[in-house]
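The values are calculated or read from the model by the stated rules, or taken from the named source; none is laboratory data. It should be emphasised that the depicted structure is a prediction, and the values quoted were computed from it without experimental measurement. So basically every Cβ, Gly included, is an ideal-geometry build from the backbone, and we count neighbours across all protein chains shown. Quick note on the areas: whole protein, heavy atoms, side chains included, nothing else; ligands and nucleic acids left out. Shrake-Rupley method; radii C 1.70, N 1.55, O 1.52, S 1.80 Å.
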Amino acid sequence: SENAQERAATALWALVDANPNAHDTIAMAGDPAALVDLLISGIPRGKDYALWSLSLSICEDNQKVVADAGGVQPLIDQLEDSRASSQEQAAAALAKLAHNNGDMQAAITSQGGVAPIIKLLGIINQQEQVLVSAASALANLAVEPAARDEIVAAGGIHPLVLLLKGQMRSAKNSSATALARLSKDHEATQAAIAEAGAIVPLVSLLDGSEGPEAQEEAAGALFALAEHERNRLAITESDGIAPLVSLLACDNPKARGHAEGALVRLSMEVANRTLIILKLVDMVNSEADGQERAIAGQEQAAAALANLARESEDNRNSIVGADGIPPLLALLDSQNSKAKENAVSAITALCRNSLPNQAAIAKVGGI
């Protein structure tokens, strides 16, 4: 009866209110299919509880259960609720439903979920958590080609770029992730994101002032955007090379990988190549003095030089022209075995099919 549902809902909300550190445990106690039924046909407070519970409890193990129970459409419908709490919970549930699941991404897109998610980003004075959940949902959807096209067609790029330019740190993280995934292997979208003004705010996130997650996601977005020739020039004009090189010394392996990938792509432009190699040589040549971050920077810079040297003769000539041979040889005395390995790899690549480089290495005592 409705009376029993009301009393049950009251009891559940009392448990939620009294146990702020146990929300995940409480939410996971509900059967996902039953929660979907409640969301579709329960009393208002029961629907609210079902939405709250699903927003916390959807995971890889129960994504299909929620979808098979018909949960996609009612979650999309909840995005239109006038209450920010319901909007946030619906977006969070859809983000979790779409996480690493192509079938769910396609289902949310085909059932019209993209446009109302984007709409949440455009509400004036929108609450931060709603923005974060909506951007996260778009990020998880963006890996599916049809969803990516729908996001772009529905005007999703502009509000995501506005989030990058705003003051909300967690929203910046989610926005950068979404833009990175939208950009991957899709030239038209890469161009559209750059035209919307994303590059300058992404470069500004590389300094870590907004936290390591934003730094990592910004580097990932720039890596994806750098596949497009015009974007490579724009990243350089936005002074993106120096912070990307500096990021090679950070302790976040994903951020380092994104930065190195971006630098390799940026080096495809001749003007960029010279600047990048000069900065990498400077990093290898810097005094580490046992400092862990500086040693890591030398290691990663040597790895980047090795990759560049293997890629083309022009790169090898630029490394030699930047006086890169002596610091690479000096790195062979490092206490860091990986730095030594990377230095040897770079030197080997410099020697390839080049008698002048071989002679130059021998001349400064490299042998």
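Structure data summary
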| item | result |
| --- | --- |
| Some residue of the range 343-352 being of a type in the set (Lys, Arg), at pLDDT below 95 and outside any helix (DSSP H, G or I) | yes |
| Single condition Ser41 does not satisfy, out of (1) closer than 25 Å to Gly113 by Cβ; (2) at pLDDT 95 or above; (3) among the polar types (S, T, N, Q) | (2) |
| Considering residues of the range 1-45 that are under 35 Å from the mean Cα position of the chain (by Cα) and not in a helix (DSSP H, G or I) only, the residue surrounded by the most Cβ atoms within 10 Å (Cβ to Cβ) | Gly30 |
| Matching entry among Glu260, Glu292 (being within 22 Å of Asp185 (Cα to Cα) and of a type in the set (Asp, Glu)) | Glu260 |
| Search result, residues across the range 250-294 that are in a loop (DSSP other than H, G, I, E, B), farther than 18 Å from Ala346 by Cα and of a type in the set (Gly, Ala, Ser) | Ala288, Gly290 |
| In the range 246-256, the residues that are farther than 15 Å from Leu280 by Cα and not hydrophobic (A, V, I, L, M, F, W, C) | Asp251, Asn252, Pro253, Lys254 |
| Residue within the range 46-59 that is open to solvent by 80 Å² or more (accessible area, probe 1.4 Å) and out of contact with any strand residue (DSSP E or B) (no Cβ under 8 Å at 6 or more places or on another chain) present | no |
| Number of the condition not met by Glu260 [criteria: (1) modelled with pLDDT of 90 or more; (2) open to solvent by less than 40 Å² (accessible area, probe 1.4 Å); (3) of a type in the set (Asp, Glu)] | (1) |
| First in the range 212-231 and under 14 Å from Glu269 (Cβ atoms), second anywhere and open to solvent by 10 Å² or more (accessible area, probe 1.4 Å) and polar (S, T, N, Q), Cβ under 7 Å, 6 or more apart | none |
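So that you can scan it fast, the table gives a plain yes or no per residue for (1) open to solvent by 20 Å² or more (accessible area, probe 1.4 Å); (2) closer than 15 Å to Pro32 by Cβ:
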position	(1), (2)
Ala69	yes, yes
Ile76	no, no
Asp81	yes, no
Glu88	yes, no
Gln105	no, no
Thr109	yes, no
Val114	no, no
Ile123	yes, no
Glu128	yes, no
